[in-house]
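**Student:** Please find one structure pasted underneath; my questions will follow.
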Amino acid sequence: MDFISILSIFVLACFVGYYVVWSVTPALHTPLMAVTNAISSVIIVGALIAAAEAGSPTAKYLGLAGVVLASINIFGGFAVTERMLAMYKKKEK
Amino acid sequence: MTFSVLAGAADAAATPAWVPLAYLVSGVFFILALRGLSSPATSRAGNRNGIIGMLIAVATTLVTHDIANIVEIGIAIAIGGLIGFTIARRIAMTAMPELVAGFHSLVGLAAVLVGWAAYLNPGAFGLLVDGAISPVSKVEMGLGIAIGAITFSGSVIAFAKLSGKMSGSPILLPGRHIINLGTLAAIIVLTGLFAAATGPAATLPFIVAVTVLAFAIGSLLIIPIGGADMPVVVSMLNSYSGWAAAAMGFTLGNTAMIITGALVGSSGAILSYIMCRAMNRSFISVIAGGFGADDSGGSGEPREQRPYKQGSAEDAAYMLEQAEKVIIIPGYGMAVAQAQHALREMSDVLEENGTEVKFAIHPVAGRMPGHMNVLLAEASVDYDKVFELEDINSEFAQADVAFIIGANDVVNPAAKTDKSSPIYGMPVFDVDKAKQVFFIKRSMGGVGYAGVDNDVFYMDQTVMLLSDAKKMVEEIVKALD
């Protein structure tokens, strides 16, 4: 993809992020941080590419280390968010 | 043309057309994940969407690359997953701020590793143009590594401060602003030189220097920031971790990473803004650090001891029994004392007695945005009884009792009246309008993180309950029975 297409997606996504995040209820700001933490670990994509491809053994091991770190975050982040969200209850009326 | 999508799938080497689409879909699921958090009712579905988005991104990457190392990759995911799950299940809700800071550091470090891997093996990432990495890619790479490294070391310091492994009070180095600005400028210049240079021998020293300086500046930036400003710091690092992912997305031309990075980056930035607004402080002044440091607070004159009323749990129980409307204001002290469960018991007893009980939460209560809400949810307080500052502040005039537990600066009227006060202009709860105020505090010694005295202590209608928050509430519950 050329730079301008990527930049367009980035700028539009910033605006989407702006409006979506303002609509998040303040009561859920801690789960918001936990889940943004989990999704920002989509960086695992880069780590997987490095770990999968041949060419540089150093890059492969850096990639594998990146996969471990990002996995901690992905599993930990989604699990802890789920745990928190399960606690938000309203009495049955 | 119609069949090119399918034809492409068979030939994984030349990025088939469905691949960018799959990453785009993954990005859309991440948007839906955040959208779900607009209400607790839809939030869990939102979290599931996040998981689906992640599965799509990971699966797409694995099927489109040479997966000769699939066993090692599987082991790496299993190790990380196991560690992550264990931490997520065991962590106490009161420790959520340091957990989030710790997780931010991992995103940052992962970004550094990916950046370095891309530098060492550009061919794998499709970054080679005529046998070399293009200058634009190198700028993106350099920035990604720098932001990742700053996120990592900054989050490590934040983690150390939040978990008490390092003093929460600001540590001020002489000339720190000059050192910090100089280092940041050096990182930008070195990234430019890195982009301009060609060949491994010429580029290596620059990228090493960028990485080292970025690790250093990350910790230098957070060290001078005090405990009370941690909600801003945690939000800011959240934002940085997003920008690091976005920068890597630019390098790899990956839509899922760019969308996610932009979402997380904006999210953290908005939360930082909300936190700053709730303290009436500018972002710059928070980043500059030193708030609540000894050298700014102590004016030298000894504080005069003003008269205050002290009460017992029985006094409080007696008054609470008579009350028709009680507003509870929890703060960081409640989290430290783990008093949320006892507090919920107290509110249950009062409600059985026919009293209306509401919880009032200040945006900066605790050590991260929404910290108090999570703790009350943990103690099974209904979320429709928990209110934000602007929604409940007008109700104090009708309240019989304002019950302050572990909060201080957020109820200080000096923020409204005293222009010389360091917290002047911060929106605060109008507890002085309530008929009766109970103020649970460990002792009369400590005066909040801003280091300012609080007139609420000395009001006619205030009764100080000097004790550990959890013990005091448990005694009140006993006395109510």
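The values are calculated or read from the model by the stated rules, or taken from the named source; none is laboratory data. Keep in mind that this is a model prediction, so the values were computed, not measured. Reconstructed Cβ throughout: ideal geometry from the backbone, glycine too, with neighbour counts over all protein chains shown.
**Student:** How many of the residues making up the range B:126-138 are part of a helix (DSSP H, G or I) and among the hydroxyl-bearing types (Ser, Thr, Tyr)? Full working, then the answer.
**Tutor:** Within the range B:126-138, the subset part of a helix (DSSP H, G or I) is B:135-138.
The next check asks that each one be among the hydroxyl-bearing types (Ser, Thr, Tyr); those that pass are B:137.
Number satisfying all stated conditions: 1.
**Student:** In addition: Taking the range B:362-383 as the search range and keeping residues that are without any contact (Cβ under 8 Å) to a residue 60 or more places away in the chain and facing chain A (nearest Cβ under 8 Å), which one is farthest from B:ALA160 (Cα to Cα)?
**Tutor:** From the range B:362-383, those without any contact (Cβ under 8 Å) to a residue 60 or more places away in the chain are B:365, B:370, B:372-373, B:376-377, B:379-382; that's our starting set.
This time we only want the ones that are facing chain A (nearest Cβ under 8 Å), so: B:370, B:373, B:377, B:380, B:382.
Working: B:GLY370: 21, B:ASN373: 23, B:ALA377: 26, B:SER380: 30, B:ASP382: 33 Å.
Restricting to residues being without any contact (Cβ under 8 Å) to a residue 60 or more places away in the chain and facing chain A (nearest Cβ under 8 Å), the top hit is B:ASP382.
**Student:** What is the one condition in (1) more than 30 Å from B:ILE223 (Cα to Cα); (2) more than 7 Å from chain A (Cβ to nearest Cβ); (3) not hydrophobic (A, V, I, L, M, F, W, C) that B:GLU140 does not satisfy?
**Tutor:** Condition not satisfied by B:GLU140: (1).
**Student:** May I pose another question? Those residues that are facing chain B (nearest Cβ under 7 Å) and more than 15 Å from the chain's Cα centre (by Cα), I need them from the range A:61-84; list them, please.
**Tutor:** A:LEU62, A:GLY63, A:LEU64, A:ALA65, A:ARG83, A:MET84
**Student:** Further question on the same structure: Residue check: is B:MET141 outside any helix (DSSP H, G or I) and not hydroxyl-bearing (Ser, Thr, Tyr)? Please lay out each step first, then the result.
**Tutor:** Working: outside any helix (DSSP H, G or I): no; not hydroxyl-bearing (Ser, Thr, Tyr): yes.
No; evaluated as a whole, the condition is false for this residue.
**Student:** Another one. For the range B:181-193, does any single residue satisfy the condition of being closer than 21 Å to B:SER235 by Cα and among the β-branched types (Val, Ile, Thr)? Spell out how you get there, then give the answer.
**Tutor:** So the first thing to find is which residues in the range B:181-193 are closer than 21 Å to B:SER235 by Cα, and the list is B:184.
Restricting the remaining residues to those that are among the β-branched types (Val, Ile, Thr) gives none.
The answer is no, given that none of the residues of the range B:181-193 is closer than 21 Å to B:SER235 by Cα and among the β-branched types (Val, Ile, Thr).
**Student:** Find all pairs meeting these conditions: Cβ atoms under 7 angstrom apart; at least six residues apart or on different chains; first residue within the range A:42-60 and more than 15 Å from B:LEU62 (Cβ to Cβ) and within 7 Å of chain B (Cβ to nearest Cβ); second residue part of a loop (DSSP other than H, G, I, E, B) and charged (D, E, K, R).
**Tutor:** Matching pairs, first to second residue: A:ALA54/B:ASP66.
**Student:** Another question, then. Can you give me the number of residues within the range B:86-121 that are more than 23 Å from B:GLY242 (Cα to Cα) and of a type outside the set (S, T, N, Q)? Lay out the reasoning, then the answer.
**Tutor:** Our first condition is that a residue be more than 23 Å from B:GLY242 (Cα to Cα); within the range B:86-121, this holds for B:86, B:89-94, B:120-121.
This time we only want the ones that are of a type outside the set (S, T, N, Q), so: B:89-93, B:120.
Summing the residues that are more than 23 Å from B:GLY242 (Cα to Cα) and of a type outside the set (S, T, N, Q) in the range B:86-121 gives 6.
**Student:** Out of all the residues in the range B:419-439, is one or more in contact with a Ser or Thr (Cβ under 9 Å, 6 or more places away or on another chain), closer than 15 Å to B:GLY331 by Cα, of a type outside the set (D, E, K, R) and at pLDDT below 90?
**Tutor:** Within the range B:419-439, not a single residue is in contact with a Ser or Thr (Cβ under 9 Å, 6 or more places away or on another chain), closer than 15 Å to B:GLY331 by Cα, of a type outside the set (D, E, K, R) and at pLDDT below 90.
**Student:** Another question about this same structure. Sort through B:GLY50, B:GLY27, B:GLY74, B:GLY123 and tell me the only one that's surrounded by fewer than 24 Cβ atoms within 10 Å (Cβ to Cβ) and either facing chain A (nearest Cβ under 8 Å) or not in a helix (DSSP H, G or I) (or both). Show your work before the answer.
**Tutor:** Working: B:GLY50 fails: surrounded by fewer than 24 Cβ atoms within 10 Å (Cβ to Cβ); B:GLY27 fails: surrounded by fewer than 24 Cβ atoms within 10 Å (Cβ to Cβ); B:GLY74 fails: either facing chain A (nearest Cβ under 8 Å) or not in a helix (DSSP H, G or I) (or both).
After applying the criteria, what remains is B:GLY123.
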